[in-house]
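K.L.:
Structure in structure tokens, see below.
The values are calculated or read from the model by the stated rules, or taken from the named source; none is laboratory data. Every value quoted in this text rests on a predicted model; they were computed, and no experiment measured them. Note that we place each Cβ from the backbone using ideal geometry, even for glycine, and neighbour counts take in every protein chain shown. All accessible areas refer to the heavy atoms of the entire protein, side chains included, with ligands and DNA or RNA removed. Shrake-Rupley method; radii C 1.70, N 1.55, O 1.52, S 1.80 Å.
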Amino acid sequence: MYIPKDFSQTDFEAVKDFIAQSPLANIMALTGDSVEICPAPLLWQVDEQNPLGYLMGHVAKVNPIVKTDAKNWKVVFTGQGHYISPNWYPTKAMTHKEVPTWNYQSVIFSVTPQLITDTSQIQHIVATMTDFFEHQLKQTNPSHEPWSLSDAPSDYINAMCRAIVGVKLTIHNFEAKFKLSQNKTLDNQQGVIDGLTQLQSASADNMATLINNLFKE
């Protein structure tokens, strides 16, 4: 991935925070002359044997990606991002030498896959992921009643788990690009924050917060 110096993110803690907020990934495996791509939510997990840990999730048993013999996969996380208008830069009014752009965050992991077919391990993966996302909902809406696997009949859960395969993706390295107006002057960064804030949308507010957090560092 092409990453200009201004946008390079090497802080793994920041990367983990990002994928926790944007867990939907594209899992990619090279199969001959083509690439098999599988969208799936993934969670980062601690691995005592590997400081970078691993990514955990599950896919349908009939998904072609589980039939590939590729030993090395790629996993790509990309946040929603936002369009940035040149009219938000104060310098545009003076020089008119500004162009539109798109701010975003993207991380590419190089991983080794391990497919998990044991039912109890698959249930553990599903339970862990469910608890994580239900907890996020509870934090956003305290009145939300979290769902758990025990809320459904055990034979139904067992049948659902037999239709999926767990994936453990051991991380070897990562590349992270956080393009958040770092290459702009402080005045122009503030202009972007103000422009986004005026839109009063969730995606714009999120981008304004990301830039503002960098702005304060």
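K.L.:
Whole number please: convex hull volume per residue of the Cα set in the stretch 1-73, in Å³?
P.N.:
Spelled out: Cα convex hull of the stretch 1-73, divided by residues, is 126 Å³.
K.L.:
Determine the order of I27, I164 by accessible area, beginning with the largest, at a probe radius of 1.4 Å.
P.N.:
So the residues, ranked largest to smallest area, are I164, I27.
K.L.:
Please list 3J(HN,Hα) in residue order for the stretch 157-170, calculated via the Karplus relation 6.51 cos²θ - 1.76 cosθ + 1.60 where θ = phi - 60°; whole Hz, with x for glycine and proline.
P.N.:
Ordered by residue, 3J(HN,Hα) equals 4, 4, 5, 4, 5, 6, 9, 10, 10, x, 10, 10, 10, 6 Hz.
K.L.:
Show the residues, 5+ positions off or on another chain, whose built amide H is closer than 5 Å to the amide H of I164.
P.N.:
K61
K.L.:
Now a separate question. Once the principal axes of the Cα atoms of the stretch 157-213 are found, what is the range along each, listed largest first in whole angstroms?
P.N.:
Reported extents, whole Å, longest axis first: 56, 31, 13.
K.L.:
For a quick check of understanding: with a 1.4 angstrom probe and all protein chains in place, what accessible area in square angstrom does K168 have, to the nearest ten?
P.N.:
About 60 Å², ignoring ligands and nucleic acids.
K.L.:
Among T78, T119, T140, which one moves the most in a GNM of the chain with springs linking Cα atoms closer than 10 Å?
P.N.:
Its mean-square fluctuation being the largest, the pick is T140.
K.L.:
Is there a pair in K16/K179; K16/K168; K61/K138; K16/K74; K16/K138 whose C-alpha atoms are over 23 Å apart, and which pairs would that be?
P.N.:
Result: K61/K138 exceed 23 Å.
K.L.:
Dividing the convex hull volume of the alpha carbon atoms of the chain by its residue count, what do you get in Å³ per residue?
P.N.:
Measuring per residue, one finds 153 Å³ for the Cα hull of the chain.
K.L.:
If you don't mind, another one. Lys and Arg at +1, Asp and Glu at -1: add these up for the other residues within a Cβ distance under 11 Å of D6 and post the number.
P.N.:
Combined, the nearby Lys, Arg, Asp and Glu give +4.
K.L.:
Oh, and also: Can you give the convex hull volume per residue for the Cα atoms of the stretch 1-43, as a whole number of Å³? Let's see the in-between values first.
P.N.:
Working: hull volume 4.1 nm³, N = 43.
Each residue corresponds to 96 Å³ of Cα convex hull volume.
K.L.:
Ignoring ligands, DNA and RNA, please state the percent of accessible area on the chain from carbon and sulfur, probe 1.4 Å.
P.N.:
Ligands and nucleic acids excluded, carbon and sulfur reach 53 percent.
K.L.:
Here's a follow-up. Along the charge dipole of the stretch 1-128, pointing to its positive end and built from +1/-1 on Cβ of Lys, Arg, Asp and Glu, which listed residue (H58, Y89, I27) has its Cα farthest out?
P.N.:
Ranked along the dipole, the leading option is Y89.
K.L.:
In addition: Using the heavy atoms of the protein chains and a 1.4 angstrom probe, tell me the accessible area per residue for the chain in square angstrom.
P.N.:
Per-residue accessible area for the chain comes out at 57 Å².
K.L.:
Once you order the gyration tensor axes a ≥ b ≥ c over the Cα atoms, which shape class does the stretch 53-109 get: rounded for a/c under 1.5, otherwise prolate or oblate by comparing a/b with b/c?
P.N.:
prolate
K.L.:
Another one. Given R₀ = 41 Å, FRET efficiency for T10-F132 by Cβ-Cβ distance, to 0.05?
P.N.:
With a Förster radius of 41 Å, E is 0.95.
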